[in-house]
1. Report every pair of residues separated by at least 6 positions or lying on different chains whose Cβ atoms are under 8 Å apart, first residue within the range 21-34 and under 22 Å from I146 (Cβ atoms) and in contact (Cβ under 8 Å) with a residue 40 or more places away in the chain, second away from the ligand (no atom under 12 Å from the Cβ) and assigned to a helix (DSSP H, G or I).
2. What are the pairs, 6+ residues apart or on separate chains, where a residue within the range 173-191 that is under 19 Å from G203 (Cβ atoms) has its Cβ under 6 Å from a residue that is surrounded by 10 or more Cβ atoms within 10 Å (Cβ to Cβ) and among the aliphatic types (A, V, I, L, M)?
3. Do we have any residue at all in the range 155-168 that's over 30 Å from K50 (Cβ atoms) and within 16 Å of the ligand (Cβ to nearest atom)?
4. Just to be sure before I move on: is Q9 loosely packed, with under 14 Cβ neighbours inside 10 Å and touching an Asp or Glu at 6+ places or on another chain (Cβ under 8 Å) in the structure I sent?
5. Taking helices (runs of 4 or more DSSP H) that do not extend beyond the range 1-109, which have at least 1 residues that are among the β-branched types (V, I, T) and away from the ligand (no atom under 16 Å from the Cβ)?
6. At pLDDT 95 or above, under 19 Å from M32 (Cβ atoms) and surrounded by 13 or more Cβ atoms within 10 Å (Cβ to Cβ) - does that describe any residue in the range 149-156?
7. Quick one: how many residues across the range 203-221 are of a type outside the set (S, T, Y) and in contact with a strand residue (DSSP E or B) (Cβ under 7 Å, 6 or more places away or on another chain)?
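The values are calculated or read from the model by the stated rules, or taken from the named source; none is laboratory data. Here the structure is a predicted model, which is why all the values come from computation and not from measurement. Methodologically, a virtual Cβ is constructed for each residue, glycine included, from the backbone with ideal geometry; neighbour enumeration extends over all protein chains shown.
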Amino acid sequence: MEQEQPRPQKYRDMLFDIGTEEIAHVEMLSIMISRLLDKAPIGDQEEAAKIPILGAALGGSDPKDVIYAGMNPQHEIVSGQGAEAKDSMGVAWNGNFVTSSGNLLADFRWNLMAESQGNLQVSRLYEMTGDTGVRKMLAFNLARDIMHQNQWQAAIEEVQADGLHEFQIPSPFPLDRVMLSLAYTFWNCSQGTESERGRWAHGPTPDGNAEFSYLADPKPLSHDTDELSQSDPRLHGTPKQPMPPMSTGPNPVSGEEIPTNVKKDAVAKSSTSLPALRSTGTPPRFREARPTRNRR
Ligand SMILES: [Fe+2]
């Protein structure tokens, strides 16, 4: 008899499925751009600029401006007309685009947002072109990302139904460590109380644990107005009061050498490592150090 897969396996497999599909979307878009640019007459840019809103985005209605704005010399010189892993403004993709928190529910919600934003942008691109080939491809992309929005919403529900997470993140987390008395009240922190009419101010909360309430006139929860202490002078920020120039450790400019009987890494450690600054206030080494006077 076939054994049931362990629960996390289906999530792992699903992530591999969609990851592969999304890479294929990048490939489709790259080929689309290449085909559009291949033998594209310069007049096309001028025509595009005649659409007022597109013309404004392209850099104006003067054909020369539009052509310059639409040019990306690197596309010719660096990538030989191939697609580059950069955004439309030439900013290279980077690791910040990867969201992998280790918490499936948090990531699934992020993915639902990303699919929503992605499809919003595809729909805008759709409106910007009359090219039927491009529109056909974008109609495909719109369909797949409707699937993906549904997919992530289903995954959000499933990971909770499987008992791996509750509605709120973090979970599981012992709620007796949370100020739950503050957890279900909507705070009116702006002028106007129209927000009271929303679902977020009344009725059962989505986590099923409470009822929403509305606080029309929130008051400060603390009277703590203590200022932070002065930061370490070796960070050379603006002091609270005028103070003499200050530095610690050997000064090679005035001929101070690292003594041969001191290990080099010991010196590096004492002159560069800053103790926990904010929490302990003035570090002991600084208090003991003699100020280095400015010689001028
Ligand atoms: Fe997608």
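1. Once the first residue is under 22 Å from I146 (Cβ atoms) and in contact (Cβ under 8 Å) with a residue 40 or more places away in the chain and sits in the range 21-34, its partners that are away from the ligand (no atom under 12 Å from the Cβ) and assigned to a helix (DSSP H, G or I) give M28/M137; M32/V134; M32/M137.
2. Note: pairs meeting the criteria are Y184/A210; T185/L215; F186/A201; W187/L215; N188/A216.
3. Within the range 155-168 (the criterion being over 30 Å from K50 (Cβ atoms) and within 16 Å of the ligand (Cβ to nearest atom)), the answer is yes, since at least one residue qualifies.
4. no
5. 7-37, 52-58, 63-70, 73-77
6. No, that holds for no residue.
7. Looking only at that region, the number is 6.
Yes or no, residue by residue, for (1) of a type in the set (F, W, Y); (2) within 21 Å of the chain's Cα centre (by Cα); (3) surrounded by fewer than 15 Cβ atoms within 10 Å (Cβ to Cβ); (4) under 30 Å from P8 (Cβ atoms):
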site: G55; (1), (2), (3), (4): no, no, no, no
site: N72; (1), (2), (3), (4): no, no, no, no
site: G80; (1), (2), (3), (4): no, no, yes, no
site: N103; (1), (2), (3), (4): no, yes, no, yes
